[in-house]
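Written out below as structure tokens is the structure these notes cover.
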Amino acid sequence: MLRRVGGWVAERYRRAADNAATAPIVARVLGAIGVLALLVAAAFAFLLVALSNLRGSTNEQAVANRVTTAALRLERVVDELDQSLRGFILTRNAGIRRNWELARRELPPALFLLEQQVTPQKNEVALVRSLAAQSREYVSDYGSLMIAITEEDPASARSPTATREGLLRIGQLRKDLSRLLADEDRLISTHATKSKTRANQAVLIGSIALGTSGFLLLLVSGYLVRAVARPVRVVARGASRIAAGDLSTRIRAGGPAEIRELTTAFNTMAESVEHGRRELEVQNEQLRQSERAKSELITIVSHELRTPLSSILGYTRLLLNRNQAEDRETLREYVEIIHDQGERLAGLIEGFLAAEERNGSGLELELKPVDLGELVRREVDLIAVDSPDHELSVEEDAGHLVVLAEAERLAQVVINLLTNAVKYSPAGGRIRVRVHRQGGTIVTSVQDEGLGIPAEHQARVFSKFFRGEARASGIPGVGLGLALSREIIEAHGGRIDFTSAERQGSTFWFELPFLEPAKTGHPPEGVSTVTE
């Protein structure tokens with residue numbers, strides 16, 4: 001029986017575990033409590049049956065005890081009748097006669113009690129009825145008659161025949177009483193044994209029921225911990241990690257429906273928070289870069305603009321304080337200095353305006369076929385005039401070197417590369433410019449023998465306002481030329497880059513798509529494009 005109950009419990013637990021993935025928390029808790037209640041009820045039902053059997057055995061034993069008590073009372077009454085009758089026959093004593101009368105009056109209640117108590121024992125009813133009949137006959141047919149004979153003829157009452165009759169009657173009565181008492185003793189012994197056995201069974205079943213209940217309680221507790229408490233703890237730990245800053249935390253969906261909804265919402269929240277943090281980090285980095293650029297701009301403006309402005313103000317003050325008779329050469333020298341510093345200021349302002357233009361909606365280009373070789377030669381000639389201390393040379397492939405571009409913008413790029421090569425090259429340095437075909441592109445390169453760019457600065461060369469060690473070296477500039485050049489080249493669909501080694505010079509180059517000769521036979525009047 002216990003094996004069957006254990007198997008049933010295991011099967012119910014297995015089914016509950018299989019259904020754990022879909023059942024909601026309330027259904028799980030109620031189901032687990034219901035299973036526990038059913039199993040505990042079944043265990044205690046077995047205990048009640050055992051207790052009921054024990055109670056039945058105890059009741060039967062009590063009936064046998066009551067029958068035995070009633071039979072002993074009847075036996076005492078019968079003994080009193082026999083002794084008082086024989087005493088009166090021998091002595092004719094009035095006191096003994098009164099004892100007989102008392103015993104005779106006690107006989108009917110004793111018989112009635114015995115008949116009443118023996119009713120549940122169907123097998124003993126006939127014997128008790130026989131005892132009752134014999135007792136009444138002994139009193140009425142023998143005892144009362146012998147009392148009357150003794151009073152009239154004592155000798156006849158003491159005769160062997162009368163004595164033998166009395167012994168036969170009382171002997172049969174006592175024999176039946178002894179048989180009844182023996183039967184009741186056996187019943188009492190049997191019922192006592194059964195009661196003890198059933199009491200042991202009740203104790204055993206109660207112990208099993210108690211142990212089973214405890215075991216089932218552990219099972220249900222483990223099930224609830226596994227199905228409810230553990231997922232909740234996992235979510236709580238995940239929330240703690242999120243609160244500690246680990247936004248990559250995710251929780252595997254599982255458990256009851258409510259827990260799955262909670263984990264799904266948790267993961268969605270974590271993803272949203274992580275995405276928001278990444279966006280904030282990007283925005284913060286952009287703000288930091290903007291702040292750095294603003295600081296650099298302020299530094300550049302305060303340094304670069306102040307120098308030429310101070311020169312202009314100083315020389316204009318000299319002019320105002322000079323005599324009109326000052327020689328014309330000196331005046332011309334002052335005016336040229338003021339003019340040069342003014343042009344420097346104009347160049348700086350133009351750079352700022354170009355950067356601001358690019359920060360707006362984009363570069364608006366008027367694209368036309370441009371002979372890149374001719375454009376480069378023209379700009380090299382202009383720079384060579386202003387840089388007599390440097391040797392500039394141009395090398396270009398023969399033939400068609402035409403691109404679709406805006407000439408003024410490309411001129412800005414070439415001028416930026418040439419002026420940088422001049423600024424960062426020592427006096428007497430050579431600057432080689434080359435324009436050549438390479439596949440479907442035209443490559444323009446500017447090579448110098450100047451300071452070169454340290455490896456740690458090369459990644460930021462095309463960043464706005466970045467000048468590396470140039471400011472510390474006293475080389476003028478604002479750090480906008482290369483940034484603007486890259487944007488112009490990329491706006492034309494090209495690419496710009498460089499190679500450099502510290503103290504060994506640099507080579508900056510850009511490439512633009514080559515315009516086929518067939519497409520230049522009818523050049524467009526102008527193609528307006530806006531590039532982002």
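The values are calculated or read from the model by the stated rules, or taken from the named source; none is laboratory data. Owing to the predicted nature of the structure, the values given are computational and were not obtained by experimental measurement. A quick note on method: Cβ atoms are made from the backbone with ideal geometry, for glycine too, and the neighbour counts reach across all protein chains shown. Accessible surface is based on the protein model in full, side chains and every heavy atom, while ligands, DNA and RNA are left aside. Shrake-Rupley method; radii C 1.70, N 1.55, O 1.52, S 1.80 Å.
Could the peptides 407-416, 166-175, 444-453 be put in order, highest first, of the mean number of other beta-carbon atoms found within 10 Å of their residues?
Details: 407-416: 20.0, 166-175: 15.6, 444-453: 21.7.
The packing order, highest mean first, is 444-453, 407-416, 166-175.
In percent, what relative contact order does the stretch 68-151 have, based on Cα pairs under 8 Å that are 6 or more apart in sequence? Walk me through the intermediate numbers first.
On the way: 58 pairs, mean separation 29.2, N = 84.
That works out to 35 percent.
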Counting only residues 5 or more apart in sequence or on a different chain, those whose built amide H sits under 5 Å from that of LEU480 are PHE465
Taking GLU101, GLU336 and ranking on accessible area (1.4 Å, protein atoms only), highest first, one gets GLU336, GLU101
Using alpha carbon positions and the Kirkwood radius, the Rg to Rh ratio of the stretch 98-180 is 1.05
In vacuo Debye sum over C-alpha of the stretch 415-457, base-10 log of normalised intensity I(q)/I(0) at q = 0.20, 0.26 Å⁻¹, listed in q order, is -0.70, -0.90
Here the stretch 441-448 yields Karplus 3J(HN,Hα) values (6.51, -1.76, 1.60; θ = phi - 60°; whole Hz; Gly and Pro given as x) of 10, 10, 9, 10, 10, 10, 10, 10
Computed about the Cα centre, the charge dipole of the stretch 64-142 from +1 Lys/Arg and -1 Asp/Glu charges at the Cβ has a magnitude in debye, to the nearest 20, of 180 debye
Output ordering of 239-245, 375-381 (per-residue mean of other Cβ within 10 Å, highest first) is 375-381, 239-245
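Report, in cubic angstrom per residue, the convex hull volume of the C-alpha atoms of the stretch 386-436.
Values: hull volume 4.3 nm³, N = 51.
Enclosed volume per residue, from the Cα hull, is 83 Å³.
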What the Cα atoms of the stretch 34-162 span along the principal axes, largest first and in whole Å, is 89, 26, 20
Highest mean packing first, using Cβ neighbours within 10 angstrom, the peptides 86-96, 277-287 sort as 86-96, 277-287
Spelling it out for VAL394: with amide H atoms placed in the peptide plane at 1.01 Å from N, the residues 5 or more places away or on another chain with amide H under 5 Å from its amide H are VAL433
Between the residues ALA398, ILE415, VAL370, the Cα farthest towards the positive end of the dipole of the stretch 362-415, that dipole coming from +1 and -1 charges on the beta-carbon of Lys, Arg, Asp and Glu, is from VAL370
Expressed in square angstrom to the nearest 10, the accessible area of ASP82 with a 1.4 Å probe stands at 10 Å²
